[in-house]
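Accompanying notes for the structure given below.
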2 protein chains.
Amino acid sequence: MTERSYHHGDLRRALLTATAAAIADKGPMALSLRDLARRAGVSHAAPAHHFGDKAGLLTALAAEGYAMLADALSAAGGDLLDSGVAYVRFAIEHRAHFEVMFQPGLYHPDDPGVAAARERADRSLSTALSTRPGHPRDEDAEATQLAAWSLAHGFAALWLSGALSTTTEGDPEALARRVLGQLFQQP
Amino acid sequence: MTERSYHHGDLRRALLTATAAAIADKGPMALSLRDLARRAGVSHAAPAHHFGDKAGLLTALAAEGYAMLADALSAAGGDLLDSGVAYVRFAIEHRAHFEVMFQPGLYHPDDPGVAAARERADRSLSTALSTRPGHPRDEDAEATQLAAWSLAHGFAALWLSGALSTTTEGDPEALARRVLGQLFQQP
DNA sequence: ACCCCATCTTGTCAATGGAAAGATAGGGTG
DNA sequence: CACCCTATCTTTCCATTGACAAGATGGGGT
């Protein structure tokens with residue numbers, strides 16, 4: 001499929017994949033549409049047709065990310081701790097998607113596509129968070145759920161930022177399970 | 001001091017302040033050195049003298065951020081919950097600093113200045129986290145401290161990303177205290 | 001009075017994002 | 001089977017940007 005024809009075949013998908021790789025490598029700041037086009041073997045204006053502009057490309061990436069996160073949370077089953085670990089695993093495995101998703105300034109957050117995907121992910125997340133935690137003071141269910149989300153999100157963000165790499169060394173997923181267990185499983 | 005002399009007087013500070021404002025407004029992506037220079041009333045090459053390049057400017061901003069965070073944590077006193085709230089307050093009040101600090105890809109993380117400032121902030125943070133929490137299963141002190149940090153960091157990140165704005169409305173600090181209390185104060 | 005050096009300016013270049021207008025081809029319709 | 005139609009991609013062009021080089025300015029110390 002590395003044909004040199006006029007039509008690429010699946011430029012949209014190729015660009016999304018290349019974008020994720022580039023962002024995971026150099027960060028969103030160094031992203032260059034022209035460089036993506038070069039690597040895909042198309043002209044520098046080809047991406048514009050599929051995504052409009054740079055923000056449009058990142059919008060599509062964010063939408064894809066929300067869809068994948070929704071799937072990952074659904075697949076995690078009903079256990080809250082497993083869902084939290086799945087959240088962290090998603091952030092690490094799909095670092096570029098995760099980082100873009102939570103920087104709405106990078107894309108068009110009101111785009112219908114990304115909004116729909118986000119709502120689906122929110123529902124999956126809400127379902128996971130609704131599973132009764134051990135037995136904390138759940139007189140404040142909203143705060144409990146926000147805390148669980150914040151804990152998983154914060155661990156993922158700190159890990160991705162490299163802030164934890166000084167002390168920790170091993171498997172992030174095992175560490176995540178230990179850390180999330182501090183809140184998710186009360187004795 | 002709005003003199004029109006050859007020398008600005010305090011270009012470095014003016015640029016840092018303008019940078020923080022610009023990032024808080026439009027995000028790091030839309031940051032333009034030439035625009036900053038225009039607003040400061042200097043030539044487009046003036047910033048280069050003080051910061052080298054764009055990454056250098058953000059390095060200085062990150063260093064300033066770490067210094068301010070260290071001060072904020074120190075000023076919070078010995079209470080863990082208060083420290084957590086101070087962490088969140090810092091993130092919200094100095095959004096641009098916070099966002100840059102935890103995106104090492106934006107600056108020169110190995111710069112001596114920022115490294116020193118980060119170490120000082122790490123010490124302040126470590127001190128705050130060392131205060132015994134209520135009475136959780138602290139057989140795993142490392143996990144407990146990481147959980148506390150992750151919780152505060154995650155709440156701040158989610159708030160800044162706008163992910164919480166759909167459900168919540170009121171004062172972020174009060175909400176933060178409620179959420180952080182889920183882990184920090186065990187009954 | 002003089003020089004030194006931090007600070008700032010002017011001029012230049014390659015790269016980028018984006019817009020406009022045209023080329024190409026593959027598929028459906030008559 | 002010829003034709004058109006539309007999605008896809010290219011070419012051309014422009015303003016903006018980051019970075020660099022070389023020069024101008026002037027304050028402070030000797």
Could you tell me which numbered condition B:Ala55 fails, if it satisfies all but one of (1) at pLDDT 95 or above; (2) outside any helix (DSSP H, G or I)? (2)
Just to be sure, is B:Thr144 at pLDDT below 95 and at the interface with another protein chain (Cβ under 8 Å from one of its Cβ atoms)? yes
Does segment B:34-60 hold any residues that are small (Gly, Ala, Ser) and in contact (Cβ under 8 Å) with a residue 24 or more places away in the chain, and which are they? B:Ala40, B:Gly41, B:Ala46, B:Ala55, B:Gly56, B:Ala60
Flag for A:Tyr87 being more than 15 Å from A:Ala156 (Cβ to Cβ), under 15 Å from the mean Cα position of the chain (by Cα) and aromatic (Phe, Trp, Tyr): no
Looking at segment A:120-139 only, could you name the residues that are assigned to a loop (DSSP other than H, G, I, E, B) and either farther than 14 Å from A:Leu183 by Cα or modelled with pLDDT of 95 or more (or both)? A:Glu139
Reported set for segment A:147-181 where residues are within 15 Å of B:Thr144 (Cβ to Cβ), touching a residue at least 24 places away in the same chain (Cβ under 8 Å) and at the interface with chain B (Cβ under 7 Å from one of its Cβ atoms) is A:Ala147, A:Leu151, A:Phe155, A:Val179
Taking the stated definitions as given, is B:Ala96 touching a Gly at 6+ places or on another chain (Cβ under 9 Å), within 13 Å of DNA strand C (Cβ to nearest atom) and within 14 Å of chain A (Cβ to nearest Cβ)? no
Out of A:Ala62, A:Ala70, A:Ala55, which single residue is small (Gly, Ala, Ser), within 13 Å of DNA strand C (Cβ to nearest atom) and under 30 Å from B:Phe102 (Cβ atoms)? A:Ala55
Any residue that is touching a helix residue (DSSP H, G or I) at 6+ places or on another chain (Cβ under 6 Å) and over 30 Å from A:Pro109 (Cβ atoms) - is there at least one of those in segment B:172-182? no
Among the residues of segment A:108-119, are any away from chain B (no Cβ under 11 Å), crowded, with 21+ Cβ neighbours inside 10 Å and in a helix (DSSP H, G or I)? yes
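Filter segment A:60-81 for residues that are among the acidic types (Asp, Glu) and in a helix (DSSP H, G or I); which is nearest to DNA strand D (Cβ to nearest atom)?
Step one: list which residues in segment A:60-81 are among the acidic types (Asp, Glu), which gives A:64, A:71, A:79.
Narrowing the set further to residues that are in a helix (DSSP H, G or I) leaves A:64, A:71.
On the way: A:Glu64: 17, A:Asp71: 25 Å.
In this case the residue turns out to be A:Glu64.
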Identify all residues within segment B:2-41 that are modelled with pLDDT under 95 and among the acidic types (Asp, Glu); write none if there are none. B:Glu3, B:Asp10
Please count how many residues of segment A:35-69 are β-branched (Val, Ile, Thr) and within 17 Å of the chain's Cα centre (by Cα). 1
Single condition B:Gly65 does not satisfy, out of (1) within 14 Å of chain A (Cβ to nearest Cβ); (2) touching a Leu at 6+ places or on another chain (Cβ under 9 Å); (3) buried (at least 16 other Cβ atoms within 10 Å of the Cβ): (2)
Would it be correct to say that A:Leu57 is within 22 Å of B:Leu106 (Cα to Cα) and within 16 Å of DNA strand D (Cβ to nearest atom)? yes
Within the group A:Glu169, A:Glu142, which residue is part of a loop (DSSP other than H, G, I, E, B) and farther than 30 Å from A:Leu16 by Cβ? A:Glu169
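Report yes if some residue within segment A:38-45 is assigned to a loop (DSSP other than H, G, I, E, B), among the small types (Gly, Ala, Ser), within 16 Å of DNA strand D (Cβ to nearest atom) and within 14 Å of another protein chain (Cβ to nearest Cβ); otherwise report no.
So the first thing to find is which residues in segment A:38-45 are assigned to a loop (DSSP other than H, G, I, E, B), and the list is A:41-45.
Now narrow it down to the ones that are among the small types (Gly, Ala, Ser): A:41, A:43, A:45.
Of the ones still in play, those that are also within 16 Å of DNA strand D (Cβ to nearest atom) are A:41, A:43, A:45.
Applying the additional criterion that residues be within 14 Å of another protein chain (Cβ to nearest Cβ) yields none.
No, segment A:38-45 contains no residue that is assigned to a loop (DSSP other than H, G, I, E, B), among the small types (Gly, Ala, Ser), within 16 Å of DNA strand D (Cβ to nearest atom) and within 14 Å of another protein chain (Cβ to nearest Cβ).
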As an exercise: evaluate A:Lys26 against (1) more than 10 Å from DNA strand C (Cβ to nearest atom); (2) away from every other protein chain (no Cβ under 14 Å) and give the number of the one condition it does not meet. (2)
Within the set of pairs 6+ apart or on separate chains, which have a first residue in segment A:119-130 that is among the aromatic types (Phe, Trp, Tyr), a second that is in a helix (DSSP H, G or I), and C-beta atoms under 8 Å apart? none
Which residues, counting only those in segment A:35-79, are charged (D, E, K, R) and farther than 19 Å from A:Ile23 by Cα? A:Asp71, A:Asp79
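The values are calculated or read from the model by the stated rules, or taken from the named source; none is laboratory data. Because the structure is predicted, anything quoted here is derived from the model rather than measured. Here the Cβ is made from the backbone with ideal geometry for all residues, glycine too, and neighbour counts use every protein chain on show.
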